[in-house]
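Comments concern the structure below.
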Amino acid sequence: MRSHQQAQHPHGKEPERAPGVNRAPGTGVGAGLLALQSVAGNAAVVQMLRHRTGHAGAEERHQHSAGCGHTSGEEVQRSAGNEGLGGAVVQRTADKRERSSSPEPEGARKEAKDSEGATAQDRRMRRAAIQKAVDGGRALVSAALPKITDDGFLKSVFGPDAEAGQVKENFQRVLARLDEANTADENDPLAVKDLYVAGEKTSIIAHAVGQTITATTHFHEVDETTRRNTLVHEAVHASLGTPDVAYKASRLIDGLSTKGALQNPDSYVWYALGVVEGQTTAGAGHQIQDRFGEGLTQEQQGAIRQSLGIALQVVSDAHRLLEQAEQGGKEGQDSARYKGITVPTLGYVNAVRRNVGMKEEADAREGIKKLGKIAGFISPVMGSLAGPATIDVTGEGGITWKRDGAGVFTVTVPKNTPVGELNHASLLASCMVSMYPKNHEFLTEVIRKLGLSKGFTDLTNFQ
């Protein structure tokens, strides 16, 4: 999800800037969108949303979630069993006649349920899962610290100009944040919060706002290793105040500059797994290998690869926000998600409708239904961008896209297209024209407004 969070500290104090980390522009958080950030989990998305509403200190607009969570171009789809979650624990009770004349024994009473239908035992089990993930994250970072050296692997992860001392200092700050989560009382702002909602469907595992880290419903559905790695990711957000620049399994992480990598949470996770567990290449973007036809220069190919990667993350973040806004509509008008995500997202979508000459959705309930439909249109684009594409070359015309039955994109690019025109905006726009010729303008603008991030689009973050 994984945010995504250059927010003000919950106590009103903004985290200090980590050595070697250049904080992305537009990282101030408007108080009116704290609820949005605490649920959406997507730094880039939340930053954009703050800008759109005119909060002071915001430039262009995210959050692990964005994504933050965080996520990713990469999204964890594995699901572990969740036995014991959401079910009441009922012990065998005494005979009716006994209960009518005497109080029910303490051990035979149902545990009181909270407003979400969870029992005290359910909550204890979730807290235990969170605590285990915190402990695992602390162990991983602690084991990585003494192994940080100026070798080839450090340069491959953090860029050619990275230095071991700089990386070690940032890891020490991450460990300090995990230590705080380990010792904090459940109600302390530094504890990892539990935002479990029975029946919720979300791809976001966790997110961070300022120094506050929150586990979502999906956190309790993934395996223990994913939980651990996700909390390390969110602890980077919370301790260094950085955005997501490239997710671990995305197209972009292998091409980060030192500036970009030192900001990027998944780079720290990748490095820790590499030096501690030997996972030096798995899940680091190497699996996405586009197929290029003859006729494009190396510069053109590089621009296309990078632009496809940025387009994937922009689309993914927009999809996450729409998903969260739809969920908020299901929870009702009194929920924090409805107020913080659903309402503003409806506003942004209606603004796009006005801009492209479409009729606004006056009925909020109908508007919320349409958010899910918009996410449905975006979903196949996101899925296809996450896999290898075939890039063919033509002598004339514009950039065109075709998606086959297996979901694979074939992109046809005129041979003499200038490198500057092979950017994520032009590729995404041409993709939407090809896939949705009738509504492409509306869909492209919605994606742009909800998914753009300084972390993703600041080209100085890439080599």
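Tabulated data
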{"item": "Region 240-397 - convex hull of alpha carbons, volume per residue in Å³", "result": "170"}
{"item": "Debye log10 I(q)/I(0) at q = 0.21 Å⁻¹ for region 308-428, Cα point scatterers", "result": "-1.12"}
{"item": "Shape call, region 255-324: gyration tensor on alpha carbons, a/c limit 1.5", "result": "oblate"}
{"item": "At most 15 other Cβ within 10 Å, DSSP loop - GluC sites (Glu not before Pro), region 347-421", "result": "GLU360, GLU396"}
{"item": "Heavy-atom accessible surface of region 182-221: percent carbon and sulfur, 1.4 Å", "result": "47"}
{"item": "Rg and Dmax of region 136-212, Cα atoms only, in Å", "result": "16.1, 47"}
{"item": "Cα-based shape type of region 108-238, given that a ≥ b ≥ c are square roots of the gyration tensor eigenvalues and the cut on a/c is 1.5", "result": "prolate"}
{"item": "Shape category assigned to region 391-452 from the gyration tensor of Cα positions, a/c cut at 1.5", "result": "oblate"}
{"item": "Whole-percent carbon and sulfur share, accessible surface of region 295-430, 1.4 Å", "result": "51"}
{"item": "Over 29 Å between alpha carbons, listed pairs LYS193/LYS339; LYS193/LYS373; LYS168/LYS449; LYS193/LYS370; LYS359/LYS449; LYS168/LYS248", "result": "LYS193/LYS373; LYS168/LYS449; LYS193/LYS370"}
{"item": "DSSP-loop trypsin sites (Lys or Arg not before Pro) across region 173-216, with at most 16 other Cβ within 10 angstrom", "result": "LYS201"}
{"item": "Trypsin sites (Lys or Arg not before Pro) restricted to DSSP loop in region 359-414 with at most 12 other C-beta within 10 Å", "result": "LYS359"}
{"item": "Average accessible surface area per residue within region 155-261, 1.4 Å rolling probe, Å²", "result": "29"}
{"item": "Rel. contact order, % - alpha carbon contacts under 8 angstrom, at least six apart, region 381-463", "result": "22"}
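The values are calculated or read from the model by the stated rules, or taken from the named source; none is laboratory data. Just so you know, these numbers come straight off a predicted model, no measurement behind them. Here Cβ is always computed from backbone atoms with ideal geometry, including for glycine, and neighbour counts include all displayed protein chains. Protein only, heavy atoms only, side chains kept; ligands, DNA and RNA dropped before computing areas. Shrake-Rupley method; radii C 1.70, N 1.55, O 1.52, S 1.80 Å.
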